[in-house]
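The values are calculated or read from the model by the stated rules, or taken from the named source; none is laboratory data. Quick caveat, the model's predicted, so the values are computed rather than measured. Positions of Cβ are backbone-derived with ideal geometry, glycine not excepted, and every protein chain shown enters the neighbour counts.
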Amino acid sequence: MTPFDSVTRTQAADSAQSSAGIQIVEPIVGRQAEVLSEAALQFVVRLERAFRGRREELLERRRRVQSELDQGRRPVFPPETRPIREKRWRVAAPPHDLTDRRVEITGPVERKMMINALTSGANVFMADFEDSLSPTWANVLDGQVNVYDAVRREMRHVAENGKVYELPREGPLATLVLRPRGWHLVEKHMLVDGVPVSASLFDFGIAFFNNAVELIARGSGPYFYLPKLENRFEARLWNDVFVFAQAELGIPRGTIRATVLIETILAAFEMDEILFELCEHSSGLNCGRWDYIFSFIKKMRADSSQTLPDRGSVTMEQPFLRAYSRLLIQTCHRRGAHAMGGMAAQIPIKHDAELNRIALDKVRADKRREANGGHDGTWVAHPGLIEIAREEFDRVLRGPHQIDVARDEVRITAEDLLTAPRGAITERGLRQNLEVGTLYIEAWLRGQGCVPIHNLMEDAATAEISRTQVWQWLLHHARLDDGRAIDAGLVKRTLDEELERMLAALSPDQRSTSRHELAAQIMFQLATAPELPDFLTTAAYDEL
């Protein structure tokens, strides 16, 4: 048991002083103490003290780069790293259980969902501490407990109706990969030397310390997805964290494997460099399409020519997104790495057969495009989509992947990546953004980070698109297709109408726990702020 084991906030805060430099400012309850042992916490402290300064420097660099973009600079492929892009080199060969990744399922580190995902028949399960998890202290710690149990096949969950979910003691499961929170986030409930720790280092450190040796003993390894990277320097920081962590535990260097989500427009210009920095630890890149759209809006916000149309028309068929996907595939295959496709956000629709057919047809078309384009695997958000995704990749793959397909004919320029699509901005699009953003924030405030809305699985990335699109339209005085100017008054009236409709649909019991009014207030503040907040998850974190 950790000396921080406690049942009240005051006791937790007081007892935390017993270990030099550490403060835990929320309770640690029950089995949470098993994953927050003294040794695990001290490991996080060593990570935090070793890398805090560099992390803060890189976040300051993000701010400087954004200032330059706001003044008219456009992203380019860095001339100083041309030798990296032109030389022949390859990343480490994949471990056996990350060789075939044709279907990956993702979801939060919630117990029942993890059991379902691990037994779903997918090749890989990405257990998510980031965009699909609302980072309450309880959610984060319970998620670490769930990961601990999943690694040891000791997961069991009994639902309210008595149904039992559990992992089998033997037989195949999806390969477990964890996604920690991004470099921009902190874990405010753990302070080191009076300062909140990096959420990235907390999530990674606790999971790695508790599970790396056990994973290796079971024939797998500590595998990670890395979110929100913007450049090679941030990848280098992760690589140095991995080298440090493996040395601390006496694990061979290169045991950790990491797939980087290319979900920022700036990272798209440094894909070779990111793979190079993580070379011995790299297991590929992934098209994080929703965050990529969000990043495009945010980074190019000052350029009125980059104003995007309705979210619904910004699909992977748009030239700038198709160029990003093709460049990622070419880059990965030149380097011997997996090029992973993006998320299918649709979920099966049980109450309407025709709507369900339409939704599944969209998934099939998306996965067919990815497989034919050269991707080595793809993401789904629901077990009901695994079979469709697998069928489309099985049609194309002649082995576990298609890394040997070089795509040398691809020629992608900076302009290809930066040419925004044209299209209409409609009242329906404005309402959709305000509704989805508000509904997601409301659920997130109640501790739910993965939310089905209108038959799509929404997470923080799609909510980010919703609020940044409205902000961008306001900044550039965009007009709806009916001629009306988009101003703060129109946004407020539309949001009030959507809020009234949301509240009217609630039962009395739902109203008692509803946070819709606060969510709408946050949504309006984010959408109309004089300066665009970088992330809604940081802006709203103090409300959790």
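Overview of results
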{"quantity": "From Leu59, Leu36, Leu98, residue being modelled with pLDDT of 95 or more and either closer than 16 Å to Ala174 by Cα or among the charged types (D, E, K, R) (or both)", "calculated": "Leu98"}
{"quantity": "Flag for Ser507 being more than 20 Å from Leu430 (Cα to Cα) and surrounded by 13 or more Cβ atoms within 10 Å (Cβ to Cβ)", "calculated": "no"}
{"quantity": "Per-region count, the stretch 124-180, residues under 12 Å from Glu110 (Cα atoms) and among the hydroxyl-bearing types (Ser, Thr, Tyr)", "calculated": "2"}
{"quantity": "Tally, over the stretch 261-303, of residues that are outside any helix (DSSP H, G or I) and basic (Lys, Arg)", "calculated": "1"}
{"quantity": "Test: residue in the stretch 108-118 that is in contact with an Asp or Glu (Cβ under 7 Å, 6 or more places away or on another chain) and of a type outside the set (A, V, I, L, M, F, W, C)", "calculated": "yes"}
{"quantity": "Which listed residue is part of a helix (DSSP H, G or I), more than 30 Å from Arg181 (Cα to Cα) and among the acidic types (Asp, Glu), from Asp404, Asp394", "calculated": "Asp394"}
{"quantity": "Residues located in the stretch 272-296, provided they are of a type in the set (A, V, I, L, M, F, W, C), more than 17 Å from Met316 (Cβ to Cβ) and out of contact with any Cys (no Cβ under 8 Å at 6 or more places or on another chain)", "calculated": "Ile274, Phe276, Leu278, Cys279"}
{"quantity": "In the stretch 53-76, the residues that are without any contact (Cβ under 8 Å) to a residue 60 or more places away in the chain, part of a helix (DSSP H, G or I) and farther than 27 Å from Phe208 by Cβ", "calculated": "Arg63, Arg64, Ser67, Glu68"}
{"quantity": "Any hit, the stretch 333-350, residues being touching a strand residue (DSSP E or B) at 6+ places or on another chain (Cβ under 9 Å), in a helix (DSSP H, G or I) and under 30 Å from Leu278 (Cα atoms)", "calculated": "yes"}
{"quantity": "Test: residue in the stretch 23-32 that is part of a helix (DSSP H, G or I) and either without any contact (Cβ under 8 Å) to a residue 60 or more places away in the chain or in contact with a His (Cβ under 6 Å, 6 or more places away or on another chain) (or both)", "calculated": "no"}
{"quantity": "Meets criteria (out of contact with any strand residue (DSSP E or B) (no Cβ under 9 Å at 6 or more places or on another chain) and either among the polar types (S, T, N, Q) or crowded, with 24+ Cβ neighbours inside 10 Å (or both)) for Thr264", "calculated": "yes"}
{"quantity": "Count of residues meeting criterion [of a type outside the set (S, T, N, Q) and surrounded by fewer than 22 Cβ atoms within 10 Å (Cβ to Cβ)] in the stretch 233-247", "calculated": "7"}
{"quantity": "Selection count where residues are closer than 16 Å to Met113 by Cβ and either touching a Pro at 6+ places or on another chain (Cβ under 9 Å) or of a type in the set (A, V, I, L, M, F, W, C) (or both), scope the stretch 142-172", "calculated": "9"}
{"quantity": "The stretch 510-541: number of residues that are exposed (fewer than 12 other Cβ atoms within 10 Å of the Cβ) and either in a loop (DSSP other than H, G, I, E, B) or touching a residue at least 24 places away in the same chain (Cβ under 8 Å) (or both)", "calculated": "3"}
{"quantity": "Test: residue in the stretch 41-52 that is without any contact (Cβ under 8 Å) to a residue 40 or more places away in the chain and among the charged types (D, E, K, R)", "calculated": "no"}
